[in-house]
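A short worksheet on the structure shown next.
The values are calculated or read from the model by the stated rules, or taken from the named source; none is laboratory data. A quick note: this is a predicted structure, and the numbers were derived from the prediction, not measured. Cβ sites come from the backbone with ideal geometry, for glycine too, and all protein chains shown count toward neighbours. Areas reflect the complete protein model, heavy atoms only, side chains present, ligands, DNA and RNA absent. Shrake-Rupley method; radii C 1.70, N 1.55, O 1.52, S 1.80 Å.
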Amino acid sequence: MGEHVDPRVDPWLIDESEFYEIESHADQMAFLIRYAVLAPSGHNAQPWSFRITHDGVEVFADYSRRVAIADPADRELMLSVGTAITNFRVAAAHFGYEATVLYQDRPEESLPVALIALRETCATPAALRRLFPAITARRTNRGEFETREIEPDAISELNEFMAAHSSFAHFLVPADRERAAELVEKADRILLKSRGFRSELADWVRPKSTDACDGICADGLGIPDPLASATPWFLRSFDVSALQAKRDRGLIELSAALLVITSEDDRVSLIRAGETLELLLLLLTRLHLNYSFINTPIEVETLRAQLWATLRSPHPPQLLLRIGYARSVPRPQPRRDSERTLVAP
Ligand SMILES: Cc1cc2nc3c(=O)[nH]c(=O)nc-3n(C[C@H](O)[C@H](O)[C@H](O)COP(=O)(O)O)c2cc1C
């Protein structure tokens, strides 16, 4: 019998010194992919796979891991693929590789969506290297945040980041916060009233201790242990829309700031926006800030248009996040073993 692997623990424990003992290029790439799979993804579906090539990896969108009701146009799926690309690049930079990402224009689902070519160098970008420890420390935190304002040093790093990535990431100005909160409340009421939406979400909820390698464990959703096993049944059976709308409004009121990720809806723009998202989440983690997603207004087309109208961006919104200081999330969410994401050469 093989050793028992805990998908909430083992994928997150990587001994980086092992990298220096690896001799083959293919094994080095497989090692970097262990960091890629720790990236965040909608519903923790992890919709990605990788094929190792002679100079890097090909990245595939795994359409079998679609979340069809919440994400019918695969926008969050592509954003998620982008987050994995960033983790790969950050890990590559840490171990002395410069990465070039090339995007696939052809739409066939069997083709990779991106190619990452690596070149060994002794001068990888410090901005990427500094994010490396955040790959294993990052967690989505759906709990309450403190009312504390963001420290001035953190604000200036974030402002610098926003300026450098201005087509993809923005702070919501305080005057627009109330409007965004109203749209979240409206969207929660629409989406969580829908039995289909709730039932799909329920399919991805897991108990605290699980052998499942994907989905979201109930403790990560803020559901206490005795109720955790009943959560999928509860979600399927009851209209939780009013409850969620009230909870989200409270969480927004407690957050220090709201952020929006914007991009056009084509595949390449979405992947690049996902790459920027993960750079931002790793930066927030490095700055000891927490974040969670409050995307519901973007998942209802009419409300998405209303949110867009309040933004000063030529590109439509893709994700809405709140940030702030909070107690850290004790346990990470599960991951598939990275070897299961490898496509044979
Ligand atoms: C594109 C994208 C969309 C997401 N949307 C939501 C969301 O609407 N609500 C939410 O609570 N979490 C959302 N998440 C967070 C994921 O659920 C989370 O990344 C996943 O469960 C893994 O947990 P971790 O981020 O702590 O590793 C999203 C993540 C990504 C990358």
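If you wrap a convex hull around the Cα atoms of segment 63-106, how much volume per residue is inside, in Å³? Don't skip to the answer; put the middle values down first.
Values: hull volume 3.7 nm³, N = 44.
In segment 63-106, the Cα hull volume divided by residue count equals 83 Å³.
What is the distance, in nm, between label points placed 7 Å from the Cα along the Cα-to-Cβ direction at Ala26 and at Lys208?
Using points 7 Å along Cα→Cβ, the separation is 4.2 nm.
Mind listing the long-range amide H neighbours of Phe60? Cut-off is under 5 Å, sequence gap 5 or more, other chains count too, H placed in the peptide plane at 1.01 Å from N.
Correct list: Ser49, Phe50, Arg51, Val113.
Non-local amide H neighbours of Leu319 (under 5 Å, H modeled in plane, Pro and chain starts lacking H): which ones?
Ile261
Kirkwood hydrodynamic radius (Cα pairs, Å) of segment 121-253? Don't jump to the answer; show the numbers that get you there.
Numbers: mean 1/r = 0.0553 Å⁻¹.
Hydrodynamic radius (Kirkwood, Cα pairs) of segment 121-253 is 18.1 Å.
Rounded to a whole number, what % of the accessible area of segment 224-309 do carbon and sulfur atoms account for, probe 1.4 Å? All intermediate terms of the calculation are to be shown ahead of the outcome.
Working: 2190 of 3530 Å².
Ligands and nucleic acids excluded, carbon and sulfur reach 62 percent.
For every other residue with a beta carbon closer than 11 angstrom to the beta carbon of Ser328, add +1 if it is Lys or Arg and -1 if Asp or Glu, then tell me the sum.
The answer is +4.
Run the reach check for Lys186 against aspartates and glutamates, Cα to Cα strictly under 17 Å, same-chain hits fewer than 8 apart removed. What comes back?
Asp176, Glu178, Asp239, Asp248, Glu253, Glu299, Glu301
Given the convex hull of the Cα atoms of segment 14-54, what is a quarter of its surface area in nm²? Each step should come with its number before you reach the end.
On the way: hull surface 13.1 nm².
Its average projected convex-hull area is 3.3 nm².
Provide the per residue accessible area, probe 1.4 Å, for the chain, rounded to a whole number of square angstrom. Intermediate results must be reported in sequence, preceding the final value.
Values: 15850 Å² over 345 residues.
Accessible surface, normalised per residue, equals 46 Å².
What is the Å³ per residue value for the convex hull set by the Cα atoms of segment 10-137?
Values: hull volume 14.6 nm³, N = 128.
Taking only Cα atoms, segment 10-137 has a hull volume of 114 Å³ per residue.
For the chain, give me the percentage of DSSP beta bridges that are antiparallel, rounded to the nearest 5 percent. Don't skip to the answer; put the middle values down first.
Details: 30 of 33 bridges.
Taking every DSSP beta bridge with both residues in the chain, the antiparallel ones total about 90 percent.
May I ask for log10 I(q)/I(0) of the chain at q = 0.09, 0.10, 0.14 Å⁻¹, from a Debye sum over the Cα atoms as equal point scatterers with solvent left out?
-0.47, -0.58, -1.20
Taking the Cβ-Cβ separation of Leu102 and Ala123 as r and a Förster radius of 35 Å, what is the calculated FRET efficiency to the nearest 0.05?
Numbers: r = 22 Å, r/R0 = 0.62.
In this case the efficiency is close to 0.95.
Under the √(5λ) rule applied to the eigenvalues of the Cα gyration tensor, what semi-axes describe the equivalent ellipsoid of segment 214-273? Give them in Å, descending.
Largest first, segment 214-273 gives 29, 18, 13 Å.
Using R₀ = 35 Å, calculate the FRET efficiency as 1/(1 + (r/R₀)^6) where r is the Cβ-Cβ separation of Ala175 and Leu227; round to 0.05.
After rounding, the FRET efficiency stands at 0.35.
Under 11 Å from the Cβ of Asp105, count the other residues' Cβ atoms, weight Lys and Arg +1, Asp and Glu -1, and hand me the total.
Values: positive: Arg106, Arg267; negative: Glu108, Asp266.
Within the 11 Å Cβ shell, the charges total 0.
Treating each Cα of segment 189-345 as an identical point scatterer and ignoring solvent, apply the Debye formula and state log10 I(q)/I(0) at q = 0.13 Å⁻¹.
Ignoring solvent entirely, the Cα scatterers give -0.78.
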